[in-house]
Amino acid sequence: MKTEYSWGDISTLILYVLSFFLLWEWLRPVEQITETANVHFFIIFAGLSLLLYYFEINWIISGAIKTLFILIVLQYLYFDVPFIGEGEWFGEFTSLIGESVVLTVQQNWGGVSDLFRSLLFFVLLWLTAYLMHYWLAVRKQMFLFYLFTVIYITILDTFSPYDGSMAIVRVILFGFLLLGLLGLQRMADNERIALSMGQVQRWLIPLALLIAFSSAAAYAAPKSEPIWPDPVPFITSFNEGAGQGPGGVNRLGYGVDDSELGGSFIGDDTEVFEATVQGDQYWRIETKDTYTGKGWEQSREADSLTPFILNEPTPLTLSEINEESETQTVSIDVSLGYNHVVYPYAPDQLIQGDAEEFRYNPVSDKITSYRNDELVELDEYEWEFREPRYSLQALRNTTGLGDSGTDMSQYLQLPENLPERIRDLTLEITEPEDNWYDKAKAVEDYFSRNDFVYEQEDVPVPEDDEDYVDQFLFETQRGYCDNYSTSMVVMLRSIDIPARWVKGYTGGEIIDNLGDGRSVYEVTNNNAHSWVEVFFPEIGWVPFEPTVSFSNNVSLSYDLDIESGETETPETPEPAETPDPAAPTPLEEETGLTGQVGDDGSNGTGGWTAFKTFVSENRFTLILITLVVAGAGYLLYRTRNRWMPYVLIRYYRSRKGSDVYPKAYSSLLRQLGRYGLRRKETQTLRSYAKEVDNFFGTHEMSRLTDQYERILYRSEAADDKWSNMRELWEDLIKKTTG
Amino acid sequence: MYHQKLEQVLENIERVMIGKRTVAELSIVSLLAQGHVLLEDVPGVGKTMMVRALAKSVGAKFTRIQFTPDLLPSDVIGVSIYNPKEMSFEFRPGPIMGNIVLADEINRTSPKTQSSLLESMEEGSVTVDGFTHKLSKPFFVMATQNPIEYEGTYPLPEAQLDRFLLKMQMGYPDAKEEMEVLNRLQYAPPIDELQPAITLEELQHLQHEVKQVIVDEKIKEYIVDLAGKTRDHANVYLGVSPRGSIALMKAAQAYALLHGRDYVLPDDIQFLVPYVFSHRMILKSEARYEGIEPEEVIERILARTRVPVQRMAK
C-alpha cells in the first residue's frame, strides 16, 4: 500500500482546487447582478461536487450525497419546518416543483417559483462540475473553459455594474497556474511517465514565478484608458435621465443647474433626439446672463412667459432675419423626454407638436410645452426656420452700443471680485482690433492659438477663493465647452461688449441621408454644449464658438468690397451656400478620431458617414461579434489539425485532372507539418517519407512519394495517379487527426 | 531485366566482400558511367579482391599493375618489339589493355608513369611508335592509393585526381563481418567459384542505357547549386569544376539505373556528392590545419541546400 500521496495525486488535487476557484468566479457576480441571495450555498455545492469527483466516488453514492445536499439547502431556504420529523414539507416541495415544470413548459417564466429556479441552478452547477471534471481528468484540457471565464468576466465588467478588476487578476493567476499544471500532466500522460517530486518542482517553481512576476508587473504597470466609453451610464441613463448635480463628476447632457461649473464629465451616448434637417446646426435651449465666478445663474425670474401656439410666429428674434434665406423645416424626434423644446437659430414657427400651448421665457430664451397648463414632454415636433445670415460689413461696423437705447447691463454683468488680469489679457488680445466683431473673433481664436486643450476628465473645480474663468485661463488651460464659452463671455464683458452664455446641443452625427438633401442627425448627451452669443445693436445676437475643435457654421455675407483697406479675410466661416455638416462632436474627440475641424469625413461621401454611423450605433454588438468571431477563429485555428484533413478529403475526393495528385501531395505534406512531422527543406522526399512511415508504422507515405517523385523527376503524367493513390492518401491524412 | 543482372553482380561481390555493399555499388556505378575509381585505403582491406570479384562477375579481362618507383610508362601501356621473322615491329600490349585494370598503389610510381596511365584513361587509347591502339571496351580502372605511406610517394596532382569519377574508402569491417571473412576463407577463397552474372555486351549496352536515364531540370539545378556552393564556401580554396558537375550527373544516372529507375532522384545526388566531389575540392590551409575534411564541407553544404520538391511554374 502506498503510505504517501505521489506528486501526481497532489497536483491533481491542486488542479481541482484551482478549477473550483475558477468556477467560483462564475458565481461571484451572480449575487450582485441578479437578485440571488445566499450564493454561498451554491459555492459550497460546487466545491462539494468537485471534491466528490476528485475522490472518484462511485456515481451512485456521490449522486445521492449531492441530491441530499440540494434537498437540505432548499428545505432550509424555503421551508420553516425541520428537515426530519413532522411537517409535510416534502409534499409541498414536490408539488411546487411540479407546478413550476408545468409553468416552464407553458413558457410562463415569470410564474416559476424561486424554489424551482434554485433547483435548476443546482442542476446547472452539477453539470458544470461534471464538465470540469471531464476536462480535467479525461481531456486534460481546460483552455476553453478558461477562455470563457475571461470572456464572462470582461463582459460582465463592461455591461453590468459588476466590477471585475480584481476578478480578472484572480482568474489570470488561478487560470494560468491551472493551465500550466494541466499541461505538465498532459505531457506526463503522453510520455507515460510518473511524475516525481523533482520534476513537478522543476515545472512548478518557474511556472509560479513566471505567473507571479508577470501578474505583478501587469498589475503595477500603467494601463491605458478604455477606448470605448463605459456603457453602464448609457444603460442606466435610460432609467435615470441625465445631467444632474453641480460640481464633482458630471454626466454629459443637458442640465439645469450651472451655478457651479467644473469637474470631470463622463461620456454618454444616450440619444436625446433625432433631427431631420438640411444642414448641421446648433440647437438652442436657453441662455444665462449672470456669471457668479463659479458658474451661471439667471439675473431674475421672468415676470411672465409669452404663450404662443402652433403656426404662430415665435415670439423670439435673435437677430435680423435676412430675407434671402430660404425657409426650411426641421422635424425633431425626441428620444429622451424634456419639457423644453430645442430650436434652431431664427425659428419662424412651430408647425407641428402635440401640445396645446408653448411658452417662451424672455429672460432665459427657453421654450416649454404645455398641455392643460401642465408641463408636457413632446415625442416629436417640427420647426419652420430660416438660416440666419449676418452681414460681415454690418458686424464690422459695430464699435459700440451706439444710440440703440437697448439696456444691455445684464449682459455686461461681472462679479465684483473678478481678477483684473482677465481684463488685461483681453485688452492685450483685442488691442489690434477696432470693432466688436474682430475683437470677439480675436478672443474666439485666442484659445486655439494658444494650445488650450479640450479635455473632459480631470478638469478641476475652482477652490472657494478661485474664479472659474481665471483658473481656466491662467492655470489649467484645459477643459470642455463650459470653460471656453464662459471664459469668452467674461472676457468680452470685461471690455464692455455685451455677451451671454448659451446652452444647447451641437449638430450631432449623420445617421441617415434622405434623398431630398435632408439628413437625419442623431444628437446624444455627448452633444450637449455651451457657446457664446455677442450682441450687435444693428443685427442682434450672433453666435461664437470658442471651444477648440468645435465649429458652428455661421453664415456671413461677404459684402466687403468697399473696405479696400481690409486685407485680412475672415478665417472661420465657410461660404454661405453650402452648409458644412462637418462639426466634430465631443464623441469623436473622445474616441480620438480627429481633432481637426471639418475633418471627420462627413462632408465627403455619404457612404463613409453611413458606415461610421452604423459602427457607432452598433459598436457593442460589433465588439461582441468581433470577440465571438475572433474566439471561434482562434479555436478553429488551434484545432485545425483535427478538421483540416476532412476538409481536404472532401475537397480532393471529387477532383480530377493532372494537377490534383501533386496538389493533394503538397497538402499532405503541409498537414503532416502541422501534425509535427515537418520536412526539412534540405531533406529529400524519400527520406522524409521513410521517417513518416516509421512514425505511423506503414509504407503508405513511401508509396505516395514514389508516385509523386515520378511526376516530379520523371515528368510522368499525373492523370491516373490520383484515382490509384486516393485511398492511400486519405488513409494517411486521416492518421494525422488522431 | 538488366537491373536484376546488376543485382546479381552486387550479390557476387558481396559473397566475396562482406559488408562492403556501398563500395560495390559505387564501383558498379563507376563502371556503368564509364568512369574510374580511386580507392584510398590501407593495405589488406580487400581492394584487390573487390576488383577481381567485379571483373569475374562481368566476365571481363582483369589485369593488374603494381606501381613501383621504377616502373616505366612502357611497362604500363606496352612496347613495340622487333620481330626478326616478320622483319617488322610488333606491339606487345601492356597490362593496360584489359577491361578492368587494378592500378595498385598508383602514388608510388613516378609522375611520368602515372600520367601515362591517366592520359590513356582519359583518351581511351594509347599511342606507341605512331600507332594508336584502342583500349578494350569496356575499360575500367580502379586505382588504389595508400594514405599512410608518404615516404617515397608521388601524390597525384589535383588535376589528375579530377579524372577519377569517384573516390572512396574501403574501411575496416566490423568484428562480426571480420569473423565472417575468416569463416569463408578458411577452406577456399570464394572468389574462385564466382560465375559471370552479365556479359560484356550486356554491360556495354547498360553503359549506353545510363545516358538515357532522365535527369530533370530540377535535379540539374540541384547539382549546379551544390557545385556552386563548393566554390563559394569559406573553407574551400578551389571548388568543384563543371567537370565535377558532369561527373555527378553521370554517376547519378548510373546509380539510378543500378536501382532500377530510369530517372534520377535528389536522393541519388545526396548519396553520391561526397564520393564525386571530395577529391575535386582543395581546402584552404587554415581549414586543413583545423582538421576539416572535404567530406565535412560537403555535408554542411548539403545541410543548407534546398531539395527541389515543387514542380516548376510553367
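The values are calculated or read from the model by the stated rules, or taken from the named source; none is laboratory data. Just so we're clear, the structure is a prediction, and the values are computed from it rather than from any experiment. Here the Cβ is made from the backbone with ideal geometry for all residues, glycine too, and neighbour counts use every protein chain on show.
Before moving on, here are some points about what is shown:
- Condition check for A:PHE93: closer than 23 Å to A:VAL39 by Cα and modelled with pLDDT of 85 or more: no
- Test for B:LYS229: is it within 28 Å of B:VAL297 (Cα to Cα), in the same structural domain as B:ALA256 (by TED's automatic domain parsing) and either surrounded by 13 or more Cβ atoms within 10 Å (Cβ to Cβ) or touching a Cys at 6+ places or on another chain (Cβ under 6 Å) (or both): yes
- Residues located in the range B:299-314, provided they are within 30 Å of B:LEU31 (Cβ to Cβ) and more than 9 Å from chain A (Cβ to nearest Cβ): B:GLU299, B:ILE301
- Condition met for A:PRO537 (crowded, with 24+ Cβ neighbours inside 10 Å and farther than 21 Å from A:VAL272 by Cα): no
- Residues in the range B:276-301 that are under 30 Å from A:TYR713 (Cα atoms) and surrounded by 17 or more Cβ atoms within 10 Å (Cβ to Cβ): B:VAL276, B:PHE277, B:SER278, B:HIS279, B:ARG280, B:MET281, B:PRO294, B:VAL297, B:ILE298, B:ILE301.
- Candidates B:LEU238, B:LEU200: the one that is within 19 Å of the chain's Cα centre (by Cα), over 27 Å from A:ARG714 (Cα atoms), touching a residue at least 60 places away in the same chain (Cβ under 8 Å) and surrounded by fewer than 22 Cβ atoms within 10 Å (Cβ to Cβ) is B:LEU200.
- Elements of type helices (runs of 4 or more DSSP H) in the range A:615-701, at least 3 residues being closer than 30 Å to A:ILE511 by Cα: A:619-638
- Residue list for the range A:692-708, restricted to those being over 54 Å from the mean Cα position of the chain (by Cα) and within 14 Å of chain B (Cβ to nearest Cβ): A:SER702, A:LEU704, A:THR705, A:ASP706, A:GLN707, A:TYR708
- The lone exception for B:GLU296 - which of (1) more than 13 Å from every other protein chain (Cβ to nearest Cβ); (2) touching a strand residue (DSSP E or B) at 6+ places or on another chain (Cβ under 9 Å); (3) of a type in the set (Asp, Glu) it fails: (2)
- Of all residues in the range A:674-691 being touching a helix residue (DSSP H, G or I) at 6+ places or on another chain (Cβ under 6 Å) and within 14 Å of chain B (Cβ to nearest Cβ), the one that is surrounded by the fewest Cβ atoms within 10 Å (Cβ to Cβ): A:THR682
- Checked against (1) closer than 30 Å to A:SER667 by Cβ; (2) touching a residue at least 24 places away in the same chain (Cβ under 8 Å), B:LEU283 passes all but condition (1).
- Search result, residues across the range A:419-449 that are touching a helix residue (DSSP H, G or I) at 6+ places or on another chain (Cβ under 7 Å) and of a type in the set (A, V, I, L, M): A:ILE422, A:LEU425, A:ILE429, A:ALA440, A:ALA442, A:VAL443
- Filtered residue count, the range A:680-708, keeping only those that are touching a Lys or Arg at 6+ places or on another chain (Cβ under 7 Å) and in contact (Cβ under 8 Å) with a residue 12 or more places away in the chain: 5
- Only listed residue being within 21 Å of the chain's Cα centre (by Cα) and either within 12 Å of chain A (Cβ to nearest Cβ) or within 30 Å of B:PRO157 (Cα to Cα) (or both), chosen from B:LEU272, B:LEU283: B:LEU272
- When B:VAL264 is tested against (1) more than 12 Å from every other protein chain (Cβ to nearest Cβ); (2) surrounded by 22 or more Cβ atoms within 10 Å (Cβ to Cβ), only condition (1) is not met.
- Residues of the range B:154-170 satisfying the condition of being under 19 Å from B:ILE13 (Cα atoms) and either in contact with an Asp or Glu (Cβ under 7 Å, 6 or more places away or on another chain) or among the charged types (D, E, K, R) (or both): B:LYS167, B:GLN169, B:MET170
- Considered as a group, the residues in the range A:709-731 that are closer than 18 Å to A:ILE649 by Cα and among the aromatic types (Phe, Trp, Tyr) include one that is farthest from the other protein chains (Cβ to nearest Cβ), and that residue is A:TRP729.
- The residues listed here are A:TRP126, A:TRP109, A:TRP135; of these, the one that is of a type in the set (Phe, Trp, Tyr) and surrounded by fewer than 13 Cβ atoms within 10 Å (Cβ to Cβ) is A:TRP109.
- Residues satisfying the stated conditions in the range A:149-201, i.e. outside any helix (DSSP H, G or I), surrounded by 14 or more Cβ atoms within 10 Å (Cβ to Cβ) and not polar (S, T, N, Q): A:TYR162, A:GLY164, A:LEU195
- Close pairs from the range A:643-656: first under 16 Å from A:LEU672 (Cβ atoms), partner among the β-branched types (Val, Ile, Thr) and surrounded by 16 or more Cβ atoms within 10 Å (Cβ to Cβ), Cβ under 7 Å, at least 6 apart: A:PRO645/A:ILE733; A:PRO645/A:THR736; A:LEU648/A:ILE733; A:ILE649/A:ILE733; A:TYR652/A:VAL660
- B:LEU118 being in contact (Cβ under 8 Å) with a residue 12 or more places away in the chain, surrounded by 15 or more Cβ atoms within 10 Å (Cβ to Cβ) and over 24 Å from B:LEU258 (Cβ atoms): yes
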